[in-house]
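Below is one structure; the comments refer to it alone.
The values are calculated or read from the model by the stated rules, or taken from the named source; none is laboratory data. As the structure is a computational prediction, the values presented were derived from the model and not from experiment. As a convention, Cβ positions derive from the backbone with ideal geometry for all residues, glycine included, and neighbour counts pool all protein chains shown.
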Amino acid sequence: MKLYKAYAKVNIFLKITGKRENYHEIISRFVRVNTLFDELSFIASDTKKFTIVGDFSCETEQNTIYKAYIALKEATASKALEQFMSTHAIFVKKNIPAFAGLGGGSSDAATYLTMCNEELSLGLSLEELASIGSKVGADVPFFVYGYASANVSGIGEVVEVFDEAPLELEIFTPNIEISTPKVYGIYRENFYNPISIAIVEKLKKTTSLEILQTMDAKEANDLFAPAMQGYEELKNYYSDGWHFSGSGSSFFRSGR
């Protein structure tokens, strides 16, 4: 069976633009990390049930890949999908750290949707796959589209390709598991300050390299200060010149 790569991402910037019910609306530049990816493939299995083979700390029902399977099954009512997953397991070699702001779970889910669409000839468009993926997680649509760089807005469902030269990125991930809901909760309680439309439009047009050269971690990422408040041990790992991805815990910088 074909091997698929589920790439990591970093958030070059991440700014809050408002609220939508219990969600925060954002504007963010997602950039794919070509040197860091999980490896997914289908393998024959006789378990007769949905099975994930890999190093995961969560139960199968909590795994984003399983959630993607459920969302895909509900969207397509495909008997072929159910049959296939009763005779095959999804094998995952995990290389992207979990709870690290690198989108590993979302990328795995998106890659699984792509795999099923191709292997089973479901005929779903990227837009349809992204819509299904959005039911699994806010970052999944970005990974479905497969862009190297994109402006992501709304609660993650609006993905607009951004044409720019690729960056060489160095990533450091402390062994600290970050809860994204906790960080957003701290932001809402202590730091809530949505940016203006004018700033949104300026950020959307600015290259990632310029952002990294002109803004520090706190300026570029509205979740940096809340994460530092909620996880004080992060301060032991932060150095000037490094930026912060998502809600953490990964730091990154450009090599060019």
TODO: Look at Val33 and say whether it is buried (at least 19 other Cβ atoms within 10 Å of the Cβ) and either touching a strand residue (DSSP E or B) at 6+ places or on another chain (Cβ under 6 Å) or under 28 Å from Ser121 (Cβ atoms) (or both).
DONE: yes
Task: Filter result for the condition that a residue is within 21 Å of Ala100 (Cα to Cα) and in contact with a Pro (Cβ under 6 Å, 6 or more places away or on another chain), over Ile26, Ile16, Ile65 - done: Ile16
Open item on the list: Name the single residue that is surrounded by the most Cβ atoms within 10 Å (Cβ to Cβ) among those in the range 77-133 being among the hydroxyl-bearing types (Ser, Thr, Tyr) and under 21 Å from Gly154 (Cβ atoms).
Closed with: Ser107
Task: Breaking point among (1) in a helix (DSSP H, G or I); (2) more than 19 Å from Asn151 (Cα to Cα); (3) out of contact with any strand residue (DSSP E or B) (no Cβ under 8 Å at 6 or more places or on another chain), for Lys202 - done: (2)
TODO: Go through the residues of the range 53-63 one by one and say whether even a single one is at pLDDT below 95 and part of a strand (DSSP E or B).
DONE: yes
TODO: Could you identify the single residue in Ser208, Ser245 that is in contact with a Gly (Cβ under 8 Å, 6 or more places away or on another chain), surrounded by 14 or more Cβ atoms within 10 Å (Cβ to Cβ) and among the polar types (S, T, N, Q)?
DONE: Ser245
Open item on the list: Can you confirm whether Gly248 is under 20 Å from the mean Cα position of the chain (by Cα) and within 23 Å of Asn34 (Cβ to Cβ)?
Closed with: yes
Open item on the list: Against the conditions (1) exposed (fewer than 13 other Cβ atoms within 10 Å of the Cβ); (2) more than 17 Å from the chain's Cα centre (by Cα); (3) in a strand (DSSP E or B), where does Lys48 fall short? Just the number, please.
Closed with: (3)
TODO: Could you grab me the full set of residues in the range 205-216 that are more than 16 Å from Phe244 (Cβ to Cβ) and assigned to a loop (DSSP other than H, G, I, E, B)?
DONE: Thr206, Thr207
Open item on the list: For a quick check of your reading of the model, give me the residue pairs whose first member lies in the range 169-195 and is among the charged types (D, E, K, R), whose second is not in a strand (DSSP E or B), with beta-carbon atoms closer than 6 Å and at least 6 apart or on different chains.
Closed with: Glu170/Gly255; Glu177/Phe99; Lys182/Gly230
TODO: Return the only residue of Ile178, Ile195 being surrounded by fewer than 17 Cβ atoms within 10 Å (Cβ to Cβ), assigned to a loop (DSSP other than H, G, I, E, B) and either at pLDDT 95 or above or not assigned by TED's automatic domain parsing to the domain that holds Gly101 (or both).
DONE: Ile195
